[in-house]
Each structure stands twice: as structure tokens, then as C-alpha cells.
Protein chains: 2
Amino acid sequence: MEFKEILTNRRAINFFDPAQNVTEDQLREIIQNAAKAPSSFNLQPWKLIVLRDASKKAELQKLAFDQPKVSEAPVVLIMLADREGWKEGNTTLEANFSNSMQPEQRDWFISTTSALYGGSEAASQAFANKNTGLFAMSIMYAASDLGLHTHPMDGFDHEGVRKAFDIPEQYWIPMLLCVGHKKKDVKIHPKGWRQSYEEMVLNTL
Amino acid sequence: MEFKEILTNRRAINFFDPAQNVTEDQLREIIQNAAKAPSSFNLQPWKLIVLRDASKKAELQKLAFDQPKVSEAPVVLIMLADREGWKEGNTTLEANFSNSMQPEQRDWFISTTSALYGGSEAASQAFANKNTGLFAMSIMYAASDLGLHTHPMDGFDHEGVRKAFDIPEQYWIPMLLCVGHKKKDVKIHPKGWRQSYEEMVLNTL
């Protein structure tokens, strides 16, 4: 699909058709396309939990202001942002060295990522969440490209979801992402207000 | 352009042609298209500083491991993530009420965003950075859609950039984003290693 069409079509959909599935092949294609997103030092500090089971989705719905779309969407992704993705021993960081980085880069690499992201909780949190934001946006566009719809949600009980789904402390949960088909005959409201260019640009130098 | 082509074409380019400009119209189109990205409660907690001036870019380059692409790219964006974008009185939040939200939603809205994002530094930092990640990813795709190239950078002295460009404490600086044209005859290496679907999915339920 043309990117301009995706920009117009992509909306946060509130009403999913529970009768229409997202196939395993579709989900893999979306995730693998989205994973082409860039990340800090290619560290890809993102993981997913994939929910399809009705009782698991119902459990998540209760922790998300009881919004029915969590159950109605055939797939709900719990997005995870790895706050330790810059650390020596982290499995994704180490996989970079097994797959494409050279061993002689290692000392420089680990001292640089530790200095940039390991100096404070604020730095680790920013690192994990901005990168998972790049990935999440790519998932939404990649789903639109297949004619599917999404809804990013962050109205949920963060620590409740952590507990219910056994999510280790190293991950922040930036959002839940519903993926599915729009319910037929649902009218979509016009896109909400957006900042103008002038409102977004604080300064031009 | 087809989204699949953008997915393949979009690469973090190290060598920009300083002789080829990004016009004001192109930049506006990119930013306005990217601003269609979703955000938490439509709060759009993102701002930009746009650099075109050679001496300003040189100043920024010194704070970014002296990487020449900062000067070579005709436009460099300093991306800003608003950690107070959920707070009553924040100009972008208030603009939502002037433009599309109803006054009777206000009390519920402000108490909800304060509870979700104002409870801890970790929550505010995640809020600002994940949303600015959604916007930044959209800028990169929107630039690709116009045949331009980008490079997201976060190897820079965060507090040094804050000081040099008078950036208020309420903003985190998740990345610098170079925008321009690829230098002719530069060979682009194959895309780096990416996690497989199985490596990304911690659990399927």
C-alpha cells in the first residue's frame, strides 16, 4: 500500500470484529517487517507477549479500564521495553556480537552504551521506551499495510499487568497494542486535532 | 511510495550530500505527515528544534562524538520529549481542549493522565519517550516517502546539548535526526542483524 494511504487509514480503532482472525502468517509478517526499524546501536531493546486466548485477554481487559476492545481484537500485544538492553550479558546485545558485530568492537561498544544508557534510571528508561516506540509505530504501519487495524493503549494498570503476566522488572510496559479487523459499519470519527508545524517547532536555527 | 519499498529503502545513512538541500516545503510536509502519528490521549508530547545553520550544526557535531554527518546533513532535528505533557497547564494539553476535547471531559482527563504519567519519574520519562519514538519513526518513514534519507543518532552529550541549545528541563532529548540526500556513490552495507520472531516473542498465550 502507498505510505500516504497508510497515513490516512491508520486510526486507533475502538471496535474490532471478534469474528475475523489475524492469522499466524499475518502476525509474523507484521512483526518481522516492523523489526526492520532502527534502534540505538542496533540493540533492539524490545520484546512482545502475544495474547490470543480469550481468558487471558479477559484478564488483561480487567487491568485496562475494562475496555472491550482488548477482548474483541483477535490479537493483543503486550509491548515490552528492555531497560537493560545496553548491558553486557543482555541476550539481545550478545546476539548482535554472535551475528554481526566484531569482537574487537566489544570493549568500546559496551563502555559507550553503559555510559549513554546506564548512568541513571532516566537514561535507561528513555533508551528502552524511545526504541520500543520506533518498533511499535512500525508495527502499526505494517499492520495497516496488510489492511488490518490497530489500537495502541496505555490506559492500564502497569504493575497489575506486570504481576498478572509475570513480566520481569527489567522491562517497562510502554503500551498494549490491539491488532485486528475493524467491525463493519462502525463509523470512524475524523482524526483528532494535531499540532501545526509552528506549534511543534520550538526554534529554527 | 509503497510502504514495503520504504521499509527496504530506509537506512540510517552515514554520508549525506551537503550540496543537496531539503526545502522548507519538504520539511513541513514530512513533519506534518509524521504528526498524524497516534499518542497517549492525543497529548503529542513532542517538539523540535530545526538546525540548518552551519555554525549551529558544527556546535552540535562537537557534542555528538564529532560525527561529520551532523554538519553534512542539510537539516538536523533535535527531537524533544515533553515529560510534562500530561500536566494541567501544559500548552499542548491545553490546545487539545481549545481544539477538540470537551470541557466536561477535563476533570476526568487530567486526573487520569496525572495518575498514569505523573506518579513517578519513570512514568513521565516513559510517557515522553515512547510517544516521541512514535513521532520520530513516522518522520523517518515520511522522509523516505519523499526520496530523502535520515539518520537517528543518540550518541551525544545529553546535558551538553541541553546547555548549548537552552533546552528547558521539562524536555528529554531522545535523539538527533539528520535529514538529507544520500551522497552519490556511497555504498550502503546490508541491513544489520535483526531479532527473529521467536527471539522477540517472550510468550504466546
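Rule-based calculations on the coordinates, nothing more; no lab input. These numbers were taken from a predicted model, which means no experiment stands behind them. Here the Cβ is made from the backbone with ideal geometry for all residues, glycine too, and neighbour counts use every protein chain on show.
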For chain B, built as a Gaussian network whose Cα springs stay under 10 Å, the top-fluctuating residue of B:PHE156, B:PHE127, B:PHE165: B:PHE165
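With an 8 Å Cα cut-off and a minimum separation of 6 or more residues, compute the relative contact order for chain B in percent.
Result for chain B is 34 percent.
Sort A:TRP193, B:TRP108 so that the residue with the fewest other Cβ atoms within 10 Å of its own Cβ comes first and the one with the most comes last. If you can, show how the numbers build up before the last one.
On the way: A:TRP193 15, B:TRP108 9.
Fewest-to-most ranking of A:TRP193, B:TRP108: B:TRP108, A:TRP193.
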Number of partner chain Cβ atoms within 10 Å, mean per residue of A:105-114: 0
Sequence-distant lysines (8 or more away, or on other chains) whose Cα lies within less than 27 Å of B:LYS56: A:LYS130, B:LYS47, B:LYS69, B:LYS163, B:LYS182, B:LYS183, B:LYS184
Euclidean distance of C-alpha centroids, region B:114-151 and region A:10-78, integer Å: 19 Å
MRE, 222 nm, helices only [DSSP H, n ≥ 4, -39500 (n - 2.57), over the protein assembly as shown, to nearest 500]: -12500 deg cm²/dmol
Choice from A:ASP17, A:ASP185, A:ASP66 with maximal GNM fluctuation in chain A (Cα, 10 Å cutoff): A:ASP185
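Residues of B:137-146, mean number of Cβ from any other protein chain within 10 Å of their own Cβ, rounded to a whole number? Walk me through the intermediate numbers first.
Values: counts 13, 8, 0, 5, 7, 3, 0, 1, 5, 1.
For this peptide, the per-residue mean of nearby foreign Cβ atoms is 4.
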Under 17 Å from B:LYS62, Cα to Cα: aspartates and glutamates that are on another chain or at least 8 residues apart: B:ASP53, B:GLU72, B:ASP154, B:ASP157, B:GLU159, B:ASP166
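For A:6-15, what's the mean count of beta carbons from other chains sitting within 10 Å of each residue's beta carbon? Before the final figure, lay out the partial values.
Details: counts 6, 9, 2, 0, 4, 2, 3, 0, 0, 0.
Rounded to a whole number, the mean comes out at 3.
As a footprinting exposure proxy, order A:GLU84, A:GLU59 by other Cβ within 10 Å, with the fewest listed first. Intermediate values should be presented prior to the final figure.
Numbers: A:GLU84 21, A:GLU59 18.
Exposure proxy ranking, most exposed first: A:GLU59, A:GLU84.
Taking the number of other C-beta atoms within 10 Å as the exposure measure, put A:VAL50, A:VAL76 in order starting with the fewest. Working shown, then result.
Values: A:VAL50 21, A:VAL76 27.
Arranged by neighbour count, lowest to highest, A:VAL50, A:VAL76 become A:VAL50, A:VAL76.
How much of the DSSP beta bridge set in region B:3-200 is antiparallel, as a percent to the nearest 5?
On the way: 19 of 20 bridges.
Roughly 95 percent of the DSSP beta bridges within region B:3-200 come out antiparallel.
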